[in-house]
Amino acid sequence: MRLEGLEGKRAQVRALLARGLEALARTPVDPAPLRQALLDLEGPFLLVVVGEFNSGKSSLVNALLGEDLLPEGPTPTTDRIQLLEYGEEGREEGEGFLRLRKPHPLLRTLALVDTPGTNALLEHHEVLTRTFLPRADLILFVTSADRPLTRSEAEFLRLIRDWGKKVVLVVNKADLLSEEDREAVARYVAEGARAVLGEEVPLFLVSARRGKEGRDEGLLGLRDHVARVIALKALPLKLSAALGVLRRLLVEGERALEAEAEEVGQGLATCEALEDLLRRHVARVRRDFAGQVALVERVFREVEERGHRFLDETVRLGRLPDLLNAKAFRESFLKEVVQDAGARLERAVGEALRWLARREEELLLDALTLLKEARPLPKGEEPLLAPLEEALARFRPEEEAARLSGLAQEAVVRTLAGGVGGLGLGAALTLVLKGLVADLTGLLAGFFVAFLALSVLPRRKERAKRLLSQGLEEAYAAVRRALEEALEEGLARQEERFRGLYRDRCEALAERRHELKARKEALRRLREEAEALVA
């Protein structure tokens, strides 16, 4: 590619890195390597030499430079990363590394990093992997001919691959091998590297020791290769290295956002579990409330049964005087049929509504059990426990039952008593029953009864039974409607209060999931742009 095209690509890469920095700032990923990569676009070419202890890295660097700039030895000669730069001779402590300046001509075109053996550098591993590995424009990976490409070296190659770095493989100490062994080792290292990196990379068998004496063709080939790379590919490699950093951090960002999205998903799963609990609660309460209504219905059925027995006993010729005495008929009806029906209705309705109010307490307890049984709680679930426990502590079923009872009584009295103020359920029922006894009295009593034939009187009795049953059915229907209204009103309030304990948090989680999805998608698009530029 012509220089003009490369400069245009550098501008593209620079703009993409800047956008990457902005996107990564909204993730937990440290963007420092990308910020450094952006700065390094204008800096010198950085050649990083890595390998395990005793692979001869320092000897190789000295051989490449043709000068003993770095200490050598059979044991680790340094536990520090050393950065060699061009300049007046001197040394300076860096953050986790040692900066050496040498007026060497090769250092005019590149900066060179010599690292301690990766298997002897645990305390500086982070400095290497987070500082110099991301900054490298080219990796010189050194392995020893007497133990080529060990498992730990293969692992380190995977780390290099993840940063998208270009690699040159160097098998040092090749003078220890026979010609046949050289070929076998070269093949073994090449195949192993290809399996890890997914591509063929340049490979050189060298002897740093012989190279210092000017008698190693492998070292001469490596030196020429590095020189050609710097002369012809320095900028493309630098751009590729920067894009590799971007891609690596974007992948980290996507994973971090995915991990957070999973946590958010766990929270939303709890929200859905609470919603499901609420749905099942509502369905169960509606179903079971029918049993409470049946107890109320029993009051009316017992009045009806007593009323029918009373009419069977009273409406017959043998008791004709009782029928002719309207006052006595009414008093007997109230005593034998009505009895304490009003008070029993009050109790049955009150118990039904107290039962309904107590169901909310069960809902809160079930919700607490649901959260506590899912141990360990997903991150962020703990705050839901406090509102539930507070709601339980504040819960007063008697107050809710009284409020619902007021609603029910108002509806019943409005229907049964024509809205007469000050009446309760029992008084309203008594009023209805008194109206019914008046209707029955008018139907059955009168001077003409004495002239009725035996065939007429039974029809009057059946009509009276139907009148009584119809009146009671209408009264019961009014009470049932009032209870159903109270049920729906109570359930609506239970749903609203229960959802109020977690609605805000769950809505925030849903928003967060949407936001994470959008951020992850933005990172993915940036990564695809970076991959297209690398290609």
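The values are calculated or read from the model by the stated rules, or taken from the named source; none is laboratory data. Please read these numbers as outputs of a predicted model, since none were measured by experiment. Neighbour counts are summed over all protein chains in view; Cβ atoms, including those assigned to glycine, are modelled from backbone coordinates with ideal geometry. What goes into the accessible areas is simple: the full protein's heavy atoms, side chains included, and nothing from ligands, DNA or RNA. Shrake-Rupley method; radii C 1.70, N 1.55, O 1.52, S 1.80 Å.
Straight Cα distances below 18 angstrom link Lys517 to the aspartates and glutamates Glu22, Glu252, Glu254, Glu258, Glu260, Glu262, Glu263, Glu507, Glu528, with same-chain residues fewer than 8 positions distant left out. For Ala477, neighbours were defined as the other residues whose beta-carbon sits under 12 Å from its Cβ, and their charges (Lys and Arg +1, Asp and Glu -1) total -2. Neighbours of Glu528, meaning other residues whose beta-carbon lies under 14 angstrom from its beta-carbon, give a summed charge of +2 when Lys and Arg score +1 and Asp and Glu score -1. Take the Cα of Val534, step 7 Å toward its Cβ, do the same at Leu41, and the gap between the two points is 1.7 nm.
With both labels modelled 7 Å from their Cα along Cα-to-Cβ, the Glu262 to Arg493 distance reads 4.5 nm.
Looking at the range 178-256, the accessible area is 51 square angstrom per residue; that uses a 1.4 Å probe and ignores ligands, DNA and RNA. Extension gain for the segment His514 to Glu88, taken as residue separation times 0.36 nm less the Cα-Cα distance, is 147.8 nm to one decimal.
Could you work out how much longer the chain between Arg284 and Ala328 gets when fully extended? Use 0.36 nm per residue separation minus the Cα distance between them, nm to one decimal.
Working it through step by step, the gained length comes to 11.0 nm.
Near His104, within a Cβ-to-Cβ distance under 11 Å, what is the net charge of the other residues, with Lys and Arg +1 and Asp and Glu -1?
Here the count lands on 0.
Taking a spot 7 Å from the Cα of Ala227 along the direction of its beta carbon, which residues of the range 52-70 have an amide N less than 13 Å from it? 64-66, by backbone N distance to the label point.
Note on Glu485 and Ala18: the model spin-label points, each 7 Å out from Cα along the C-beta direction, lie 6.9 nm apart. For the range 139-197, the share of accessible area belonging to carbon and sulfur comes to 47 percent (1.4 Å probe, ligands and nucleic acids excluded). Pairs Lys102/Lys173; Lys102/Lys238; Lys165/Lys233; Lys173/Lys233; Lys327/Lys434: which exceed 19 Å Cα-Cα? Listed pairs above 19 Å: Lys102/Lys173; Lys102/Lys238; Lys173/Lys233. Averaged over residues, the count of other Cβ atoms within 10 Å places the peptides 160-172, 511-523 in the sequence 160-172, 511-523, highest first. Hey, can you find the accessible area per residue of the range 257-365 for me, probe 1.4 Å, expressed in square angstrom? Averaged over the residues of the range 257-365, the accessible area is 48 Å². At full extension, Glu390 and Leu365 could sit 7.8 nm farther apart than now, given 0.36 nm per residue minus the alpha carbon distance. Run the Debye formula on the Cα coordinates of the range 158-231, all scatterers equal and no solvent, and tell me log10 I(q)/I(0) at q = 0.17, 0.21, 0.28 1/Å. These q points yield log10 I(q)/I(0) values of -0.71, -0.98, -1.24.
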